[in-house]
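Engineer: If you scroll down you'll find the structure; I have some questions about it.
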Amino acid sequence: MRVCRFWRDLIVSSPTLWQDIDISGPDTRWLELALIRSQSAPLALFFHHYRAARVAVPLVLPHAHRIRKLHLPLLHFPLAEGHKVDMPSFLPLLRKQLYNLEELVIPATHPRRSRLPGYTLLSLSDKHFPALRTLNLACAAIAWAPRIVSRLRSLSLVACVPHGPLLSYSQFLDVLEGCKSLEELKLWDRFLSSAATFLPLGSVSDRVVDLPYMRQFLINDTPATTSWCLARLRMPHCASIRVIGSLSDDELRTRRRLFVSLLPQDLAGRALAQMPLAKVHGQAVVSDGSFVLSVYSDETGSVDFNLTVELEPQSLFDWDEYAEGALDDFRELCLGSPLATLDIYAADSSFAVSTVAWTRLLFAFPGLQSIGVLVGGYPSPLFSALQHTLFQADEDEALHTPACPQLKSIVIRGAVYSDGLIELVLSMLRRRHDFGCPQLKMLQLRIRSTSVEQREAYATTLALYQEEMTSLTDGITWELEDAA
């Protein structure tokens, strides 16, 4: 393709067209050309390749005063303990006075706490980085001090440690209190526990720090520290909050309320948590290393509140032991919220929950309209719970209220077929019809069978009741798959 000389000369002579430099491969010739053609324009450097970034350091040094944004490539942690992350190659640049630098991002593969490498000390004072507003840092020692933190709008610390003497929790709050413009704060890998000496008692524990512009807050720490921190920070209701608690096997087995323990509680032991006020969607996700509860609203479309219980490496804890407790925690934390949708993803777990636990959950959210379940266990307790009614009596009459009277959709995937399941589903549909509940818009069941006999019984029973079930729903789909 040819370009006329006029347009080529115009592009070559326009510095602003060359100031955002994205290096995705090992070749630095594009960088050299862009540095020349950008002339004196502010620079935004985005490196995605480690070798190119390392070779580029001497090329960029003469232009350090022009750098406005600097994104280094993903840094990888070595397996051997006691070694530093591969950051030293960039220190000649990072230790210069970068007067115009507004954004510094040094990402890393997220390490497990048991094998953190050594830490690189960075001087991030207002003398070296007077314009810095966004700082995403990994595996570094950083001073938790006003001269560094107070001017930031966004701060993310992954596998970082505080530099200098340990702080009191009061001193930690002193620094945050000066962060009037802070919009994002992410403290990974027990940074607060490693920065402060002990949890305070007395008057300090009642102190609250206002963060009026906070949009995203994340803390990954011990339950005692996360609950203390959340009790001391006041954020807007629209802020997205994510809490990750790392617990040992002993802690997992001795704590009865894992998720509630991550949050501040009142004198009666009830969780105090900020919940969105708009129409709410709830989600529970179980994976090998974590169990996540989250809620999000229609207004934002992003997660508003997220709680994660994270396993330590080599943990032998089985999430099936806590499935029922997790639903009880979710009910307590979201009670009073207008929950409209509930999704549970636990494909590799049986997620064994009793009918009683399902009933407690469903009656806590009468406005629930959609239930989606992807689990490896049996769905019968859920359908049994949907047949239950809540007895209410007053002076004039006695009422039996069904669970989730506004329910429109049920989608079950991955669950195991059991004898009597089809009859149970039909019984649930009949009972809800008798109570005047609107018909389900969607009832979708993708069930796994474990034997030829099950598949034959399924086919016979479904043929017997298919017509009636179809008349009781606006759309029903049954699929039977081999368990293998």
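Engineer: Go through (1) more than 29 Å from E324 (Cα to Cα); (2) modelled with pLDDT under 90; (3) small (G, A, S) for A484 and report which single condition fails.
Structural biologist: Only one criterion in (1) more than 29 Å from E324 (Cα to Cα); (2) modelled with pLDDT under 90; (3) small (G, A, S) is unmet by A484, namely (1).
Engineer: Also, I was wondering about something else. Mind checking which residues of region 445-459 are in contact (Cβ under 8 Å) with a residue 12 or more places away in the chain and open to solvent by less than 50 Å² (accessible area, probe 1.4 Å)?
Structural biologist: L445, I447, S449, Q454, A457, Y458
Engineer: Could you grab me the full set of residues in region 58-70 that are in a helix (DSSP H, G or I) and either open to solvent by 10 Å² or more (accessible area, probe 1.4 Å) or in contact (Cβ under 8 Å) with a residue 40 or more places away in the chain (or both)?
Structural biologist: So the first thing to find is which residues in region 58-70 are in a helix (DSSP H, G or I), and the list is 58-66.
The answer is P58, L59, L61, P62, H63, H65, R66.
Engineer: Exactly one of (1) in contact with a Phe, Trp or Tyr (Cβ under 6 Å, 6 or more places away or on another chain); (2) open to solvent by 10 Å² or more (accessible area, probe 1.4 Å) is unmet by A403. Its number?
Structural biologist: (2)
Engineer: Take the conditions in contact (Cβ under 8 Å) with a residue 60 or more places away in the chain, among the β-branched types (V, I, T) and closer than 25 Å to S350 by Cα and apply them to I422. Does it pass?
Structural biologist: No; evaluated as a whole, the condition is false for this residue.
Engineer: Examine region 176-184 for a residue that is open to solvent by 60 Å² or more (accessible area, probe 1.4 Å) and without any contact (Cβ under 8 Å) to a residue 24 or more places away in the chain, and state whether such a residue exists. Reasoning before the result, please.
Structural biologist: Kept after step one, since they are open to solvent by 60 Å² or more (accessible area, probe 1.4 Å), are these residues of region 176-184: 177, 180.
Applying the additional criterion that residues be without any contact (Cβ under 8 Å) to a residue 24 or more places away in the chain yields none.
Within region 176-184, not a single residue is open to solvent by 60 Å² or more (accessible area, probe 1.4 Å) and without any contact (Cβ under 8 Å) to a residue 24 or more places away in the chain.
For (1) crowded, with 19+ Cβ neighbours inside 10 Å; (2) part of a helix (DSSP H, G or I); (3) modelled with pLDDT of 90 or more, each residue gets a yes or a no:
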position: F351; (1), (2), (3): yes, no, no
position: W358; (1), (2), (3): yes, yes, yes
position: L361; (1), (2), (3): yes, yes, yes
position: I371; (1), (2), (3): yes, no, yes
position: Y378; (1), (2), (3): no, no, no
position: F383; (1), (2), (3): yes, yes, yes
position: Q392; (1), (2), (3): no, no, no
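Engineer: Looking at region 102-156, which of the residues that are modelled with pLDDT under 85 and polar (S, T, N, Q) is nearest to E177 (Cα to Cα)?
Structural biologist: S125
Engineer: Turning to a different aspect of this structure: Somewhere in region 31-50, is a residue open to solvent by 90 Å² or more (accessible area, probe 1.4 Å) and basic (K, R)?
Structural biologist: Within region 31-50, not a single residue is open to solvent by 90 Å² or more (accessible area, probe 1.4 Å) and basic (K, R).
Engineer: Moving on. Among the residues of region 12-30, what is the count of those that are surrounded by fewer than 16 Cβ atoms within 10 Å (Cβ to Cβ) and touching a Ser or Thr at 6+ places or on another chain (Cβ under 7 Å)? Talk me through it step by step, then tell me what you get.
Structural biologist: Of all residues in region 12-30, those surrounded by fewer than 16 Cβ atoms within 10 Å (Cβ to Cβ) come to 12-17, 22, 24-27, 29-30.
Those still in the list that are touching a Ser or Thr at 6+ places or on another chain (Cβ under 7 Å) too: 15.
Count: 1.
Engineer: Filter region 123-140 for residues that are in contact with a strand residue (DSSP E or B) (Cβ under 6 Å, 6 or more places away or on another chain) and open to solvent by 10 Å² or more (accessible area, probe 1.4 Å) and give the result.
Structural biologist: Listed by number, the residues that qualify are T134, N136.
Engineer: Identify all residues within region 142-175 that are open to solvent by less than 10 Å² (accessible area, probe 1.4 Å) and part of a strand (DSSP E or B); write none if there are none.
Structural biologist: I142, L155, L157
Engineer: Please give the number of the condition H400 fails out of (1) under 28 Å from S297 (Cα atoms); (2) in a strand (DSSP E or B); (3) of a type outside the set (D, E, K, R).
Structural biologist: For H400, the exception is condition (1).
Engineer: Mind checking whether some residue in region 446-453 is at pLDDT below 90 and assigned to a helix (DSSP H, G or I)?
Structural biologist: Yes; the residues of region 446-453 include at least one that is at pLDDT below 90 and assigned to a helix (DSSP H, G or I).
Engineer: Considering region 326-349 alone, what residues qualify as being open to solvent by 20 Å² or more (accessible area, probe 1.4 Å) and part of a helix (DSSP H, G or I)?
Structural biologist: D328, R331, E332
Engineer: Six or more apart or on different chains, Cβ under 7 Å: which pairs go from a residue in region 74-102 that's under 16 Å from V60 (Cβ atoms) and of a type in the set (S, T, Y) to one that's surrounded by 13 or more Cβ atoms within 10 Å (Cβ to Cβ) and at pLDDT 75 or above? Could you list them?
Structural biologist: What qualifies is S89/R54; S89/V57; Y99/H65; Y99/P130; Y99/A131.
Engineer: Same structure, new question: I'm checking my understanding of the structure. Among residues of region 185-226 that are open to solvent by less than 10 Å² (accessible area, probe 1.4 Å), more than 21 Å from R255 (Cβ to Cβ) and in a helix (DSSP H, G or I), which one is modelled with the highest pLDDT?
Structural biologist: Among them, the one singled out is F191.
The values are calculated or read from the model by the stated rules, or taken from the named source; none is laboratory data. The shown structure was predicted, so the numbers you read here are calculated from the model rather than taken from an experiment. Cβ coordinates were reconstructed from backbone atoms using ideal geometry, including for glycine residues, and neighbour counts include every protein chain displayed. Protein only, heavy atoms only, side chains kept; ligands, DNA and RNA dropped before computing areas. Shrake-Rupley method; radii C 1.70, N 1.55, O 1.52, S 1.80 Å.
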